[in-house]
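Below is one structure, written out as C-alpha cells, with a few remarks after it.
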Amino acid sequence: MNTVRTVFVTLGLSAAVLSGSCRSEEAPGDKPALQGNLLFEGQPIEAFTSIEPVFSFNNLDTEQRAIKARTEYNKGRFKIYELPQGNYNIFVSINANTDNPGRYPGYPGDFFKQLVRVSIPLEGSVNLDIDLEKVIHLTLPQDNGDIMDLWGELGEDMITFESPTEFAWDSLGDNVQYHYIINRMQSKPFTYLERYVQETTTSKTSVSIELPLNRENEFYLFHLYATKGQYRIGELKTHGKRGYANDLRFRIK
C-alpha cells in the first residue's frame, strides 16, 4: 500500500439535487448552448450503457438550482439548449442499473458526474466532453444498494460497528486503484476533528481497519473512490430517506 494526497478527491457532505431532462429534436436555426460527449474510462459511454442521461444545472450567478434545460441526446452525444449566459455546475446521472431505486446521483452500477463547472457565453456554443464515474457497490460493513439503515442519524443514534471493521466492495475491473480516507468528525456542530486518520491506496477490494473508540458527539467518515490510469472512474454513494452522501458515516464502540 502507498499513501496518496487528495488530488482526485472531493469530500462530500449530504446533499439533495433534483434533476431532469427531456429529449427533443433540433429545430432549424437552433444553436445549442452546450454540446459534447459522455465518456467512461475515456471511451464513449455507449460502449457501457445505452440508457439516456439526466442533466441538471445550478446557476452559480443567480443561485438557481436544479435547472432543467432542453436536451437532445444520441448515442453518447448531447446538446443542451436554452441555457442563459452564466456560470453553472453540471450534474449528470444515468440509471444504468434499472433494478435499483434510481434516485440521484445513483446506486451501484449507475453512472454520474457532479459539479462540472462551465461558463456559457452570451453567443456561441461551448464544447465539453464529460468523463463519468460509476457508483461503487459497498458490501461491508453496510450495503449501499438501497436505503441504508440509520443513515442521517446523529450522535449516539448513528450506525455503530466494532473495531477492527471489515470494509468490502465490488471490483470495477482490472488495473483499478481504490483510495479510501477516514476522518474523525464532530456531530454537533458538524466539523472535522482529525483529518486523514487513515489514507490508503490499494488494488484490493476489501480491507480490515482498526480505529479507536469514538467519544460522545463524534463519529468517523469513510470516503472511497477509484482511479484507472489518468481517469477517476468511481466513487461511493450512500442513500437515506432524506438525501444522499459521498461517504459512509459511523461510530466505533
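Here, each number is a calculation from the coordinates, and none is a lab measurement. Since the model is a prediction, treat every value here as computed from it, not as a measurement. Virtual Cβ from ideal backbone geometry, glycine too; neighbours counted across all protein chains shown.
Some observations on this one:
- Relative contact order [Cα under 8 Å, 6+ residues apart], region 135-252, whole percent: 33
- R0 of 35 Å, Cβ-Cβ distance Asp170-Ala66: FRET efficiency to nearest 0.05: 0.70
- Counting only lysines at least 8 places from Lys75 when in the same chain, those with an alpha carbon closer than 24 Å to its own are Lys31, Lys113, Lys134, Lys228.
- Relative contact order for the chain, counting Cα pairs under 8 Å that sit 6 or more residues apart, in percent: 20
- About its Cα centre, the dipole of region 135-252 is roughly 420 debye, where the only charges are +1 on Lys and Arg Cβ and -1 on Asp and Glu Cβ.
- Spin-label pair Asn74/Leu150, simplified geometry with 7 Å Cα→Cβ offset, distance in nm: 5.2
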